[in-house]
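These notes concern the structure reproduced below.
We did not get these values from a lab; they are worked out from the coordinates using the rules stated. Predicted model only: the values in this text are computed from it and were never measured. No Cβ is skipped: glycine too gets one built from the backbone with ideal geometry, and neighbour counts run over all protein chains shown.
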Amino acid sequence: MDRIRIVGGNPLNGVIPISGAKNAALPLMIASLLTDDTLTLENLPHLADVEQLQRILGNHGVDIAVVGRRERQDGAYARTVHFTARTIVDTTAPYELVSKMRASFWVIGPLLARMGEARVSLPGGCAIGTRPVDLFIDGLRHLGAEIDIDNGYVDARAPKGLIGGRYVFPKVSVGATHVMLMAATLARGQTVIENAAREPEVVDLANCLIAMGAKISGAGTSIITIDGVAALSGARHRVLPDRIETGTYAMAVAMTGGDVLLQNTSEKLLENALLALRRSGTEITAEAGGIRVRRNGGDILPVDVTTDPFPGFPTDLQAQFMALMSRANGISHITETIFENRFMHVQELARLGAQVSLSGQTATVTGVPVLRGAPVMATDLRASVSLVIAGLAAEGETVVNRVYHLDRGFERLEEKLTNCGAVVERISG
Ligand code: EPZ
């Protein structure tokens, strides 16, 4: 199993191109199931999760053609990929595939809308919490679907097609908003989704669906209205920049010091997280085509954050921010409100010398003047990358095990960091 070896202590200086967002790419790829025409996605990141979803879509009959493999555009590797679901050959998403990646459960929306049936394995629990699917089931029932759970599968049927309806989410869910949005595009009549997720990835999906002929208004607000159409066509769409990758590298620079231009990204995607970074003493300026992040000397100041749905502080940056706060000059509090078990990085950061105590959903971080390298490992993607950025700022050598987590969501991580002066290498085997 691959590992990443880091020798910490160097500031980061240079340019980091930001890739297309994993969490936009996945629902956009799934949207290709809604039409028999070709959906072309530009700026698709080359990630293990994207490849896994390609396998899942292939199982349903989607033809996938990669154009201009890994060509350079604006200094970044971007891929353009055609997805064509001419014929859906299978409406079942089996356990063996769904259990590997939770987002693959989302195929339930387009399959049900286009084919009138879907049988999708329950995704099961995962490292960051129980993550049930009750909101998906409840929401789709409000569109007229008949749904049973049988032998670990969600069996959904709408033989005469879905019918528009009103659904008020009792809790904000990104994935269930994606699914309701996709399903409602082909339902008869109007659907109104209230308390919808407002994440930029939801807006990106809605924009792509609109380009495919869907009638959607209000994406990016908590009320989305969809007027169903009889069929959708193909489209060409560019995946939006990855705000979590952007925030992660910004936190890395805040931690190590230096001056880095994060290219092909935008401040608007993560205002709250950048606000927290500015409060910590990091200089952040918007520039044409990107964001410049600087910290040259000066203490890291302690800042309290609480994760919340967008536009709040993202749960997907909580672990990275904790790494930063572990070196702050003072005490900070980090509260996680989205997932009940998203503090697995705490004990690993402690191996580097971080001082964090947990009480319920709040971590109290007492900053220390130095972290020291150590072997570490983590059980999810964002926790793993928090250990990488802590390692960059630590004295000596850090080895991060279980690198496959990082490959799920960070494109060319070692290369991007090495280009800015970090000492990072992958050790195979
Ligand atoms: C998306 O997951 C992201 N994944 C997650 O990123 C991200 O952490 C999360 O949104 C929150 O921002 C992708 O986009 C692929 P939710 P999702 O449904 O959609 C509860 C990463 O590292 N809930 O918004 O699965 C759920 O348990 C990943 O890239 C129900 O109770 O998250 C959680 O507590 C990790 N019932 C809360 O809602 C349901 O039916 C929010 O989850 C659905 C969700």
Looking at the chain only, what percent of DSSP beta bridges run antiparallel? Nearest 5 please. 70 percent
Residue by residue, what Karplus-based ³J(HN,Hα) values in Hz, rounded to whole numbers, does segment 31-48 have, using 6.51, -1.76 and 1.60 with θ = phi - 60° and x for Gly and Pro? 4, 5, 5, 7, 9, 8, 9, 8, 9, 9, 10, 9, 6, 6, x, 8, 9, 4
Starting from the Cα of residue 397, step 7 Å toward the Cβ, then list every residue of segment 338-353 with an amide N under 17 Å from that point. 352
When ranked by the protection proxy of mean other Cβ atoms within 10 Å per residue, highest first, what sequence do the peptides 158-166, 239-247, 2-10 form? 239-247, 2-10, 158-166
Ordering 255-265, 315-325 by per-residue average of other C-beta atoms within 10 angstrom, highest first, gives 315-325, 255-265
What 222 nm value per residue comes from the helices of the chain, counting each DSSP H run with n ≥ 4 as -39,500 (n - 2.57) and dividing by all residues, nearest 500 deg cm²/dmol? -8500 deg cm²/dmol
Run the reach check for residue 171 against lysines, Cα to Cα strictly under 28 Å, same-chain hits fewer than 8 apart removed. What comes back? 22, 100, 215, 268
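Let me check against my output: what whole-number percent is the relative contact order of the chain, with C-alpha pairs under 8 Å and at least 6 apart?
21 percent
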Phi to ³J(HN,Hα) by Karplus 6.51 cos²θ - 1.76 cosθ + 1.60 over segment 401-417, Hz, x for Gly, Pro: 8, 6, 5, 4, 4, 5, 5, 5, x, 10, 7, 6, 3, 4, 5, 4, 6
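Give the shape of segment 158-228 as rounded, prolate or oblate, defined through the alpha-carbon gyration tensor: a ≥ b ≥ c are the square roots of its eigenvalues, a/c under 1.5 means rounded, and otherwise the shape is prolate if a/b is larger than b/c and oblate if not. Mind dumping the intermediate values first?
Numbers: a/c = 1.80, a/b = 1.22, b/c = 1.47.
Oblate is the answer for segment 158-228, as a/c is 1.5 or above yet b/c matches or exceeds a/b.
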Each residue of segment 80-88 in order: what ³J(HN,Hα) in whole Hz does its phi give by Karplus 6.51 cos²θ - 1.76 cosθ + 1.60, θ = phi - 60°, with x for Gly and Pro? 10, 10, 9, 10, 10, 9, 3, 10, 7
Please determine, in degrees from 0 to 90 and to the nearest 10, the orientation of helix 200-211 with respect to the longest principal axis defined by the Cα atoms of the chain, where the helix direction is its Cα long axis. 40 degrees
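For segment 25-234, just say rounded, prolate or oblate: build the C-alpha gyration tensor, square-root its eigenvalues into a ≥ b ≥ c, call rounded for a/c under 1.5, and beyond that prolate if a/b exceeds b/c, oblate if not. Don't skip to the end; give the middle numbers.
Details: a/c = 1.42, a/b = 1.25, b/c = 1.14.
Because its axes are fairly even, with a/c under 1.5, segment 25-234 counts as rounded.
Once you order the gyration tensor axes a ≥ b ≥ c over the Cα atoms, which shape class does the chain get: rounded for a/c under 1.5, otherwise prolate or oblate by comparing a/b with b/c? Each step should come with its number before you reach the end.
On the way: a/c = 1.89, a/b = 1.72, b/c = 1.10.
Prolate, since a/c reaches 1.5 and a/b exceeds b/c.
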What are the GluC sites (Glu not before Pro) within segment 333-383 that DSSP puts in a loop, where the Cβ has at most 15 other Cβ atoms within 10 Å? 340
Just add up the charged neighbours of residue 406: K/R +1, D/E -1, any other residue whose Cβ is under 15 Å from the Cβ of residue 406. -4
Segment 25-234 - share of DSSP beta bridges that are antiparallel (%, nearest 5): 80 percent
